[in-house]
1. Pull out the extension gain between residue 247 and residue 93, defined as 0.36 nm times the separation in residues minus the alpha carbon to alpha carbon distance; nm, one decimal.
2. For residue 383 and residue 410, FRET efficiency with R0 = 45 Å and r from the beta-carbon atoms, rounded to 0.05?
3. Between residue 209 and residue 420, what is the spin-label point distance in nm, taking each point 7 Å from the Cα along the Cα→C-beta axis?
4. Which whole-percent values make up P(r) of the stretch 68-135 when all C-alpha to C-alpha distances are grouped in 5 Å steps starting at zero?
5. Between 160, 328, 53, whose Cα lies farthest towards the positive end of the dipole of the chain when Lys and Arg beta carbons carry +1 and Asp and Glu beta carbons carry -1, centred on the Cα centre?
6. Rounded to the nearest 0.05, what FRET efficiency do residue 280 and residue 361 give with R0 = 22 Å and r taken as the Cβ-Cβ distance? Could you check?
7. Under a crude label model (7 Å from the Cα following the beta-carbon direction), how far is residue 54 from residue 375 in nanometres?
8. Report the per residue volume, in Å³, of the convex hull enclosing the C-alpha atoms of the stretch 339-439.
Amino acid sequence: MTDHGQNKVIDEGRQGEAILLEQSNDVQGKKLYVESYGCQMNFSDSEVVASIMSNDGYTTTRNIDEADVVLINTCSIRENAETRVRNRLTEFKHRKEQNPDLVVGILGCMAERLKKSLLEEEKLVDLVAGPDAYRDLPNLVEEVGTGQKAVNVLLSRDETYADISPVRLDQGGISAFVTIMRGCDNMCSFCVVPFTRGRERSRDPHTIVEECTDLFAKGYREVTLLGQNVDSYRWNLTSKGEIKDTAQPTTNFAQLMEMVALVSPDLRVRFSTSHPKDMTDEVLEIMAKYENICPYIHLPVQSGHTDVLYRMNRGYSREWYLDRIDAIKRIIPDCAISTDIITGFCGETEQEHQDTLSLMDIVQYDFAYMFKYSERPKTLAERRFEDDVPEEVKGRRLNEVIDKQLAHSLASHKRQIGKTVKVLVEGKSKRSDVRMCGRDGRNSMVVFPAGAFDKGQYVMVRIEECTSATLLGEVVEVLEPAQTLQS
Ligand code: SAH
Ligand code: SF4
Ligand code: F3S
């Protein structure tokens, strides 16, 4: 994931780690401090929360000591994600003992999953708001002030926060997340998200294009369209594909992506996450058609064995998945592909694990996020199957998967040596002031000597060296901004 400008990114969100959002503001008044854990969706939601609270007179602060309200946007995806948040909440509890007026609230997936228990049984927080209840936050904060129990964990069938213009928490940033849909209807057996985020719903495409146009005007040069399953984005269409209102146009994901790509050829378009069972050739063809849609697809496989995929309720087989990979390689030959893999899912045999490794050899992923299975309460897997792979076996299999991926990532980067790639400059490299960094379209981090260009500009970089994580090279050309198609 990209470095969000001024924000302090503690770690990569998809791994259930923390992203700390901070923004300084000099305006006097009530101060809000927001900390985000989990996926990009949570990061994006925190910007919606900041917007809702700013309408109620709050400004965001990077200094927790001056905050009147502390909100922690949480993740439930794996047990360790929740443990981390609990530890943080205990720290906040000590802070509250010193400052009884401080309001501490929990948002996001843990709030939805645990509902009142953090407030009533564990007395760790004053306020609990689920992912569809953020419009209610100003009321909830007021209720805390009057000594009431402030809880709203209602899930909605239609809330998309479409009309809310998010407050970007990385002032001067160049890359932004734009949520295009919420919830998930898939019910993968290991996954808690359908329980914490509710039913799938898509956002009005015109509000999405407006938001992207506005971001471009403010200097942003990259948008990532977010949804748990972007391929099932649909506007004015039922899940069966029937038109809801015949007087209105319909929009599917391929069409939405094209609309966003047309905002400007200088605005890069990315998206996450694609689902193998739903990813169409139409989406791939639109990607191939527009240079500013990045040739990078995150296509989580989870396991390389059909029986495991069946137990996971993923809705595809190994063969189906490999057919989708073939389609990507055929339609977008230079496309980078990354994945998510879970090791030690219920009943996973050694042979099934070997088939995950063999699938990795076939696909040759450029990058992967890899996890040990963590049983989550209420999920189908928890109810139907035994979490029977011993912890050390899960760990050993995870290490094998990680070792293979490191070799594939290095090989993928080595294939880039000698090529010239287009990079969106993000700023100074973390390790050195005389170097700058940015990502190429394939989402690789590229480091190069600083020069007469700044963040937000595009440069052509000839790749000379690499590690499994980074490409290193020389700038051979600084690109002039392209004319926008709209002008
Ligand atoms: N919507 C996305 C994934 C969201 S969660 C998709 O369908 O691909 C991100 C990743 O976390 C998943 O792809 C999966 O690999 C991992 N994950 C989800 N639940 C998990 C669990 N119970 N244990 C371990 N990893 C899990
Ligand atoms: Fe979870 Fe599956 Fe939905 Fe992804 S598609 S959020 S893994 S239920
Ligand atoms: Fe975590 Fe919820 Fe995202 S469980 S991964 S924050 S949707």
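1. Full-extension gain reported as 50.0 nm.
2. 0.65
3. Result for the modelled spin labels: 3.5 nm.
4. Going from the shortest bin to the longest, the percentages are 4, 18, 31, 27, 15, 5, 1.
5. Among 160, 328, 53, the one farthest towards the positive end of the dipole of the chain is 328.
6. That gives a FRET efficiency of 0.25.
7. 4.5 nm
8. Given the Cα convex hull of the stretch 339-439, per-residue volume reads 158 Å³.
Taken together, the values in this text are just the output of simple stated rules run on the coordinates, not laboratory data. Since the model is a prediction, treat every value here as computed from it, not as a measurement. All Cβ positions, even for glycine, are placed from backbone atoms using ideal geometry, and neighbour counts span all protein chains on display.
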